[in-house]
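I have placed the structure first, in the form of structure tokens, so that the comments after it can refer back to it.
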Ligand code: THU
């Protein structure tokens, strides 16, 4: 699976976002080491802060499926990940992150999107 194909998976799944408040649909597709792809979308809530980002939905599904930190090769996202999701990407030790940003496709390591990470 190429980065381009993974990003296309993220584009497609973004159509399932539940985003009636922002109207901003986000999709995330994560390639696991075993070749499986786990997807997520943003799920909003009328009590705005309770909404969930697409990345956190995807990694929550991955944890439920039995994956854990270090099992993830690439995360492809249809938008630039927010600060909180960068912390999630770091926690999950994803090797690379690919995302769309204003017409560009950006590829970065987690160290690049979140330098000097907080660790317990
Ligand atoms: N959103 C994500 O799903 N991921 C991000 O990294 C950035 C923001 C969602 C949250 C909200 O539902 C919508 O985009 C607008 O902020």
Rounded if a/c is under 1.5, else prolate if a/b is larger than b/c, else oblate: which is the chain, with a ≥ b ≥ c the root eigenvalues of its Cα gyration tensor?
rounded
State, to one decimal in nm, how far the label point of residue 19 lies from the label point of residue 45, with both points 7 Å from Cα in the Cβ direction.
1.9
Using the number of other C-beta atoms within 10 angstrom as an exposure proxy, rank 59, 99, 118 with the fewest first.
118, 99, 59
quick note, the chain, DSSP beta bridge pairs, % antiparallel (nearest 5) is 75
Please work out the C-alpha center-to-center distance from region 95-118 to region 1-18 and express it in whole Å.
17
Sequence of 113, 77 once ranked by neighbouring C-beta atoms within 10 Å, starting from the fewest
113, 77
For residue 82 and residue 109, calculate 0.36 nm times their separation in residues minus their Cα-Cα distance, and state this gained length in nm to one decimal.
8.2 nm
Region 21-98: relative contact order in percent, alpha carbon pairs under 8 Å with at least 6 residues between
31
Quote to one decimal, in nm, the extra length available between residue 60 and residue 8 on full extension: 0.36 nm per residue of separation minus the C-alpha distance between them.
16.6 nm
Extended-chain gain in nm, criterion 0.36 nm per residue less alpha-carbon gap, residue 118 and residue 36:
26.6 nm
Can you sort 89, 50 so the residue with the fewest Cβ neighbours within 10 Å comes first?
50, 89
Cα gyration tensor of region 1-64, axes a ≥ b ≥ c as square roots of the eigenvalues: rounded (a/c below 1.5), prolate (a/b > b/c) or oblate?
oblate
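Any read-out appearing in this document is the output of simple, stated calculations on the displayed coordinates, not a laboratory observation. Computed from a predicted structure; not experimentally measured. A quick note on method: Cβ atoms are made from the backbone with ideal geometry, for glycine too, and the neighbour counts reach across all protein chains shown.
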